[in-house]
Each structure stands twice: as C-alpha cells, then as structure tokens.
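Everything on this sheet refers to the single structure shown next.
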Amino acid sequence: MTPRSLRRGSPIPPVSDNLSTRGTDEVQEWPETHPRWSFQFTPKHASWLDQIEIFFSILYRRRLKHGIVASEDDLAQQMLAYIETYNQTATPFKWT
C-alpha cells in the first residue's frame, strides 16, 4: 500500500501484534461500527517478527523522529533512501 492509496473513504488495514487484548469483546466489536478498519494480526508465536520491530525502531530513531517531511511522497522517498543506505552496511541482528 502506498501513501497515496490512503484516501478519504478507502480501507485502513492496521497491523497489530499478538497481544491478549485482541481477543476482547471491545476489539472484536469495534470494527463492526468502523467498516473502513480491517485489523490484521500477526501470527501467534511469531517471535521472528521481533527482528522487524528492531529495524522499525532503528528507522524511527535515525530517520523519522526528528525528520522534516513535506508530503506523503517525500516521506516515502526518505524512508526508501534510508533503507537503501542502511542495507549497504547492514549485518544480521544478534538473536538471543
């Protein structure tokens, strides 16, 4: 999904981790009154996704936290440029 595809009235598919709150009545009922929202939950026992969260944390701290963006397209370009630069010296995360 590109930033441009999030137009007024278009579906919103947020992704959430596997917290115990996802099974509550409130979480199950809320989308019924908010039809644009379609929650996608990560699989149970998907600890490998922690490594993705580590990368997003790095991206946020080094590029997005204090960044200035002029538009959604500018944000997308900055993120892609950061990923390209990051990949030049990337090493595997130490998994413990």
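Since every read-out is calculated from the coordinates, none of them should be taken as a lab result. Treat the numbers as computed from the prediction; the structure is a model and nothing was measured. Cβ placement follows ideal geometry from the backbone for every residue including glycine, while neighbour counts extend to all protein chains displayed.
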Next item on the list: With the cut-off at 11 Å, report for the range 47-90 the share of all Cα pairs above it, as a whole percent.
Entry: 68
Notebook entry, point to check: What nm distance separates the two modelled labels at Tyr86 and Val27, each placed 7 Å from Cα along Cα→Cβ?
Noted result: 2.5
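Under the rule of -39500 (n - 2.57) per DSSP H run of 4 or more residues, summed and divided by the residues of the chain, what mean residue ellipticity at 222 nm is obtained, to the nearest 500 deg cm²/dmol?
On the way: 3 runs with 38 residues, N = 96.
Theoretical 222 nm ellipticity from helices: -12500 deg cm²/dmol.
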Notebook entry, point to check: For the chain, what ratio Rg/Rh do Cα atoms give with a Kirkwood hydrodynamic radius?
Noted result: 1.03
Note to self: Taking just the alpha-carbon atoms of the range 19-59, what radius of gyration and Dmax come out, in angstrom?
What the structure shows: 13.4, 35
Next item on the list: Enumerate the amide H contacts of Trp37 below 5 Å, restricted to partners 5 or more residues apart or on another chain; note that Pro and chain-start residues carry no placed amide H.
Entry: Ile12
Notebook entry, point to check: Mind listing which chymotrypsin sites (Phe, Trp or Tyr not before Pro) in the range 36-96 are in a DSSP loop and have 16 or fewer other Cβ atoms within 10 Å?
Noted result: Phe39, Trp48, Phe93, Trp95
Notebook entry, point to check: What residue among Ser57, Ser47, Ser20 shows peak mean-square fluctuation when the chain is described by a Gaussian network model with Cα springs under 10 Å?
Noted result: Ser20
